[in-house]
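Chemist: Input: one structure, supplied below.
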2 protein chains.
Amino acid sequence: MAENTLRPVGRVESTLTDRTAAPRQPDEGAPDAWLVFDDRYASALDGLTPGTDVLLLTWLDRADRDTLAVHPRGDATRPLTGVFATRAPDRPNPIGLHTVHILAVAGTRVHVRNLEALDGTPILDVKPLLTPDR
Amino acid sequence: MAENTLRPVGRVESTLTDRTAAPRQPDEGAPDAWLVFDDRYASALDGLTPGTDVLLLTWLDRADRDTLAVHPRGDATRPLTGVFATRAPDRPNPIGLHTVHILAVAGTRVHVRNLEALDGTPILDVKPLLTPDR
């Protein structure tokens, strides 16, 4: 049985360094960024293709894991809502889910478009967008 | 900084008990199932609505975390591919990602349609499908 400890496989390299300045969604001005994988995971990257979109899973390591309800988008006029009904980063298991477009692959460095994750954010996983045959 | 240990927030209750019998995708015959959350996370569920689709994140606790490349769908005639370019459950951080339709919410039990996760699978998170305003 897999133990419950995450193994970061790499880090995000980005010009975004401040949580308060981070856009809430990628279409709100997120910069291009690099996904820098540890060398030991090189073979796991085999098959990632520039020009395709993939799902990136990150660990939002600056999140508050004890938050269970929030005002959506931090707007106090909106009713308090359970975090499972929102995309708020503060939640028991703060896993970030991002659809990114691969611009280039250079060894264990992958350049992607419009990523709203902060510099240094641990990378957990990459998955293809769902296609029935993979 | 959030430590790297997952906190399961509930478990899947399903008639699927055998990994070898589990469908690879939900449209390949997955049964309806219950998401049973721990009582302490009740407030995090507030806002989940029957009739809507959500993303469910699970921890595939029977996965092999040392697998870095696979033959897609276990078909040896297909070329060995890095796990980050496949949806194989065996991967360094075996997080399962499922789009499920909520049939009913009863306290901390949520009934969902067509879930390909095994009985007892830990639940990590629930997120709405991406909508810009949440």
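Just so you know, all these numbers are worked out from the coordinates, no wet-lab data involved. Everything numeric in this text was worked out from a predicted model, so none of it was measured. As a convention, Cβ positions derive from the backbone with ideal geometry for all residues, glycine included, and neighbour counts pool all protein chains shown.
Chemist: Scanning for something of a type outside the set (Asp, Glu) and in contact with a Leu (Cβ under 8 Å, 6 or more places away or on another chain), does region A:59-68 turn up at least one residue?
Modeler: Filtering region A:59-68 down to residues of a type outside the set (Asp, Glu) leaves A:59-60, A:62-63, A:65, A:67-68.
Add one more test, that the residue is in contact with a Leu (Cβ under 8 Å, 6 or more places away or on another chain), and what stays is A:59, A:62.
Yes, region A:59-68 has at least one match.
Chemist: Which residues, counting only those in region A:95-134, are without any contact (Cβ under 8 Å) to a residue 60 or more places away in the chain, within 10 Å of chain B (Cβ to nearest Cβ) and either among the hydroxyl-bearing types (Ser, Thr, Tyr) or more than 27 Å from A:Asn4 (Cα to Cα) (or both)?
Modeler: Across region A:95-134, the qualifying residues are A:Thr131, A:Pro132, A:Asp133.
Chemist: Taking B:Gly74 as meeting all but one of (1) more than 18 Å from the chain's Cα centre (by Cα); (2) farther than 29 Å from A:Ile123 by Cβ, write down the number of the exception.
Modeler: So B:Gly74 meets the others, but not (2).
Chemist: Residues to consider are A:Pro92, A:Pro72; find the one that is closer than 26 Å to B:Asp90 by Cα and at the interface with chain B (Cβ under 8 Å from one of its Cβ atoms). Even if it seems obvious, please write down each step before you answer.
Modeler: Values: A:Pro72 fails: closer than 26 Å to B:Asp90 by Cα.
Only one candidate qualifies: A:Pro92.
Chemist: Surrounded by 20 or more Cβ atoms within 10 Å (Cβ to Cβ) and more than 7 Å from every other protein chain (Cβ to nearest Cβ): does that describe A:Val83? Don't jump to the end; show me each part of the working.
Modeler: Working: surrounded by 20 or more Cβ atoms within 10 Å (Cβ to Cβ): yes; more than 7 Å from every other protein chain (Cβ to nearest Cβ): no.
In short, no.
Chemist: Output yes when any residue across region B:39-57 is aliphatic (A, V, I, L, M), touching a helix residue (DSSP H, G or I) at 6+ places or on another chain (Cβ under 8 Å) and over 30 Å from A:Pro79 (Cα atoms), and no when none is.
Modeler: no
Chemist: Follow-up question, since we're still on this one. Scan region A:10-21 and give yes if some residue there is surrounded by 17 or more Cβ atoms within 10 Å (Cβ to Cβ), aliphatic (A, V, I, L, M) and within 18 Å of the chain's Cα centre (by Cα), otherwise no. Lay out the reasoning, then the answer.
Modeler: First pass over region A:10-21, keeping only residues surrounded by 17 or more Cβ atoms within 10 Å (Cβ to Cβ): A:10-12, A:14, A:16.
Still in the list and also aliphatic (A, V, I, L, M): A:12, A:16.
Retained after the next criterion (residues that are within 18 Å of the chain's Cα centre (by Cα)): A:12, A:16.
Checked region A:10-21: at least one residue is surrounded by 17 or more Cβ atoms within 10 Å (Cβ to Cβ), aliphatic (A, V, I, L, M) and within 18 Å of the chain's Cα centre (by Cα).
Chemist: Name every residue in region B:2-20 that is of a type in the set (A, V, I, L, M), touching a residue at least 12 places away in the same chain (Cβ under 8 Å) and either farther than 29 Å from A:Asp66 by Cβ or at the interface with another protein chain (Cβ under 9 Å from one of its Cβ atoms) (or both), in order of residue number. Spell out how you get there, then give the answer.
Modeler: Let us first name the residues in region B:2-20 that are of a type in the set (A, V, I, L, M), namely B:2, B:6, B:9, B:12, B:16.
Among the residues that remain, those that are also touching a residue at least 12 places away in the same chain (Cβ under 8 Å) are: B:6, B:9, B:12, B:16.
B:Leu6, B:Val9, B:Leu16, listed by residue number.
Chemist: Here is a follow-up. Quick check: anything in region B:103-113 within 24 Å of B:Arg40 (Cα to Cα) and crowded, with 22+ Cβ neighbours inside 10 Å?
Modeler: Yes, region B:103-113 contains a residue that is within 24 Å of B:Arg40 (Cα to Cα) and crowded, with 22+ Cβ neighbours inside 10 Å.
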